[in-house]
Structures are given as structure tokens and as C-alpha cells.
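A short write-up of the structure that comes next.
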There are 2 protein chains.
Amino acid sequence: MQLFDSKMAPNPRRVRIFLAEKGIEVPTVQVDIAAAENRTAEFQAKNPMVNVPVLELDDGRYLSETVAICRYFEGLHPDPPLMGVDAVDAGFVEMWNRRMEFELMNNITGPFRHTHAFFKGRIPQVPEWGEVCREAAVERLAWLDGELADREFIAGDRFTIADITALCAIDFGAVSQIKIEPDQNHLQRWYEKVSTRSSSGA
Amino acid sequence: MQLFDSKMAPNPRRVRIFLAEKGIEVPTVQVDIAAAENRTAEFQAKNPMVNVPVLELDDGRYLSETVAICRYFEGLHPDPPLMGVDAVDAGFVEMWNRRMEFELMNNITGPFRHTHAFFKGRIPQVPEWGEVCREAAVERLAWLDGELADREFIAGDRFTIADITALCAIDFGAVSQIKIEPDQNHLQRWYEKVSTRSSSGA
């Protein structure tokens, strides 16, 4: 088993933190996305969506999509639970993780994907769409600050995959000057807590 | 328990089909999204993301996000399994469902969201982005046709949530004139099979 990883991108970091929280070690292979190694025919055979991370299983199959890789490890190593402890909790963790993906991660990565030189010629860039994403990202951070007023973590009183997604999204915001505002106290408090866990360095 | 539903939108249909496949009956409340009932303060208290479907639980909590609702029911009623039968299968089903969401559903709904009068004034529309989504949707249908050459269903030899997502995405393509091409024989064969299951009418 090996994990095709990239230290540059936010999604592989989600898997690395997930594994660190569970104490699982998986050999990694760095994919040089700056050199477009993820767009070669060789990599496309592993994942036609050309995204990292990708997990190569011992039977030779390739599992891609960040959360699918996490789900696989959650099933194999349920402790500590990061994706819910029963049916209803799994539902709410999934809801919060998806909100962090669609409302935070996608909006925060939008300006980078659609206005930064890195993606020029790699994807069809639509700068106006990048700006819509930026405004939405700023709005969603304010909303999330309010949500965190009465609980410790994103999905409740336990650290979950939703916290990992939010942390990786917010840290990636730095490249687009999207950040937690000084008056967003609940979000600041949460950020300090999750970013000082040892897993965050993974 | 009740499900806030809309017959107009593709995502609530995913939950209805999921429930029909499992033989679960849940009372539904129609949300009139044409009249923007999902944007009222009352509905935002249920789901600040203003999306349907939303499931109201017996304890008064609201669970939103289509796949989170499905995950909850999968946990309560594991048979027939629609989200995988073990850790590795759950990983691959999640991978395929996410591919169907991000590559198919999002690209197919993009032109509608960004160029159709329905969304004017509801979301910031970026027609150029809608067109990028349309081109990607057409390309992804061709890719999916190739993927289906050697297996019966999207995620393998068993009907799963990934088939439900793909079916709802493709049917929604009609409003934007995005459809399976006559020469996409594998996709046609798959479509005929899944769209004639009794659940598809849910």
C-alpha cells in the first residue's frame, strides 16, 4: 500500500492528518503537481480525475477521492472515530464535513484555481467565478464563527473529519488572502485548538 | 420524522430513490423552491445552506446534505446495502459516488444554475462558468460510457448510491439539453437498466 501525496495541495493534507489522528503509517510517494506529474498518462491510469491523493491498495487497485480514502481507513481502524460513532452521529458528521467541503474548501480554493497563474493552461479559468467564490468564502467564515459559539468542534463536542477539512481549507486560504478575521473569536479559538494538535503538522 | 422535499430538484430525488430501494417510507413536506420557500428565515433555521432535502428527526434536529441523510438511513437499515458492504467496498462506493457528484451532477447542474432565469437574483450567476460546466459535463458522459464498458453498475456489479446520483444528474440534464449520445452504448444500456427500476419513479 502507498499513498500518492502532494505537500503543496490541501486535499492530501486532509488524508495525512486523518492518518496521524489514527496513528496509521502509510508509505507516501510525492507527486510533483507543479510539474504536472498528475496530468501524465501514467497518473491518469491511477486516477482519471487527475487529483491527489490516490491510495494504491495491496491488490493493485487505486482508490481516489480524499473522503473515500478516509472512509476506507475509518472502516479498517475505527478508533478513534473520526466519521461518527453511530447512524445518527455519522449522519451529522457527514453533514458537517460536506458543509466544510462545499461551503468552505470549494469557495476558498476557487480564487486560487480561477485567478492564480498556477492553474493557467491547466483548467479553464473563469476569474469572475473565482471572485464569487472569494466573497462566498468570506461570508462562510463569518457564518462558521457564529456556529462555533456554542460548541467545541465543527460537528459537536468531538474532533472529527469535519475539523480536518475546515483546518486544511482555512490554511489554504493564505495563498488567496482569505483568513479568519480578528473579531471572529469563536473561529479563532477553534483554529488555535485544532492547529496545535500534533496531527496538524502531518 | 419528516423529509423536506422538492419534486423539482435533483437532490431530493436522490433521497427518495434511496429510501424506495430500502423500502423505507418517510412522510414528506413539499418545499416550494420556485416560490423561494427554501430562502425564508423559517427554512434557514432548518438549513442555513438553504438546500433541500432536509430531514427533521424525532428529537427535533435537522439533518441536511443529501448523502448525510442517506448515510443515516444506511446505518439504521443496512439492507440492501447501497453504500458498500465492507471497508474497501465502502471506499470504492464513496469514490464513485463522489465522482458522480463532482464530475457529473455539479457539471450538469452548472449551466442551469448559471444561465437559466430560474436562478436569476437567487445566486450570483456567471454564465461563462455555466458554459465551462456544460463542456465538462459532455466530456464526462463520454468518459463514463467508457468506464461502463466492463461492468454493470457505476461502482461495480451491484446497484449503489453512485447509480442513484448518476441517474438523477443525467435526468436533470434534460433542462439544459445535456444528454447521453446515441453512440454511448454502455451508458445507454446502464441508463435503461437503472431508470426502469421501480425506485426511479420515487
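Can you bin the stretch B:87-201 into rounded, prolate or oblate? Criterion: square roots of the alpha carbon gyration tensor eigenvalues sorted a ≥ b ≥ c, rounded for a/c under 1.5, prolate for a/b above b/c, oblate for the rest. Note, shape of the stretch B:87-201 comes out prolate.
For chain A, what's the relative contact order in percent, using C-alpha pairs closer than 8 Å and at least 6 residues apart? Could you put the intermediate results ahead of the total?
On the way: 273 pairs, mean separation 43.1, N = 202.
Computed value for chain A: 21 percent relative contact order.
Relative contact order of the stretch A:87-197: 32 percent, from C-alpha pairs under 8 Å at least 6 residues apart in sequence. Sequence-ordered 3J(HN,Hα) estimates for the stretch B:167-184 from the Karplus curve with 6.51, -1.76 and 1.60 and θ = phi - 60° stand at 4, 5, 5, 5, 4, 6, x, 4, 5, 10, 6, 10, 8, 5, 6, x, 8, 8 Hz, glycine and proline given as x. Neighbouring Cβ atoms from other chains, within 10 Å of the Cβ of residues in B:75-84, number 2 on average.
Evaluate peptide B:184-195: per residue, the Cβ atoms of other protein chains within 10 Å of its Cβ; return the mean as an integer.
Working: counts 0, 0, 0, 0, 0, 0, 0, 0, 0, 0, 0, 0.
That works out to 0 on average.
Computed over the stretch A:1-139, the Cα gyration tensor eigenvalues convert (square root of 5λ each) into semi-axes of 27, 22, 11 Å, ordered from largest to smallest.
Neighbouring Cβ atoms from other chains, within 10 Å of the Cβ of residues in A:64-71, number 6 on average. Could you tell me whether the stretch B:68-155 comes out rounded, prolate or oblate from its Cα gyration tensor? Rule is a ≥ b ≥ c as square roots of the eigenvalues, rounded for a/c under 1.5, then prolate if a/b exceeds b/c, otherwise oblate. Because a/c hits 1.5 or more and a/b fails to exceed b/c, the stretch B:68-155 counts as oblate.
Of all beta bridges DSSP finds with both residues in the protein assembly as shown, what is the antiparallel percent, to the nearest 5?
65
Less than 5 angstrom separates the built amide H of A:Phe153 from those of A:Arg158, all sequence-distant by 5 or more or on a different chain. Taking a sphere under 10 Å around the Cβ of A:Pro53 and counting the other residues whose Cβ falls inside, with K and R at +1 and D and E at -1, yields a net charge of +1. Cross-link reach is defined here as a Cα-Cα straight distance under 26 Å, omitting same-chain residues fewer than 8 places apart; for B:Lys179 the lysines meeting it are B:Lys7, B:Lys120, B:Lys193. Across the protein assembly as shown the C-alpha pair distances fall into 10 Å bins from zero in the proportions 5, 22, 34, 30, 9, 0 percent. The phi torsions of the stretch A:30-45, fed into the Karplus equation with coefficients 6.51, -1.76 and 1.60 and a -60° offset, translate into couplings of 6, 9, 7, 6, 5, 8, 6, 4, 6, 9, 6, 4, 4, 6, 4, 5 Hz, rounded to whole numbers, with Gly and Pro shown as x. The stretch B:1-32 to the stretch A:77-132: how many Å between their Cα centroids? The distance from the Cα centre of the stretch B:1-32 to that of the stretch A:77-132 comes to 25 Å. Per-residue ellipticity at 222 nm computed for chain A from its helices equals -15000 deg cm²/dmol, with DSSP H segments shorter than 4 residues left out and the rest contributing -39,500 (n - 2.57).
Please compute the Kirkwood hydrodynamic radius over the stretch A:2-76, one decimal place, Å, based on all pairs of different Cα atoms.
On the way: mean 1/r = 0.0810 Å⁻¹.
This gives a value of 12.3 Å.
Just so you know, all these numbers are worked out from the coordinates, no wet-lab data involved. Model, not experiment: these values are computed from the prediction. For neighbour counting, all protein chains shown are included, and Cβ atoms are generated from backbone atoms with ideal geometry for every residue, glycine included.
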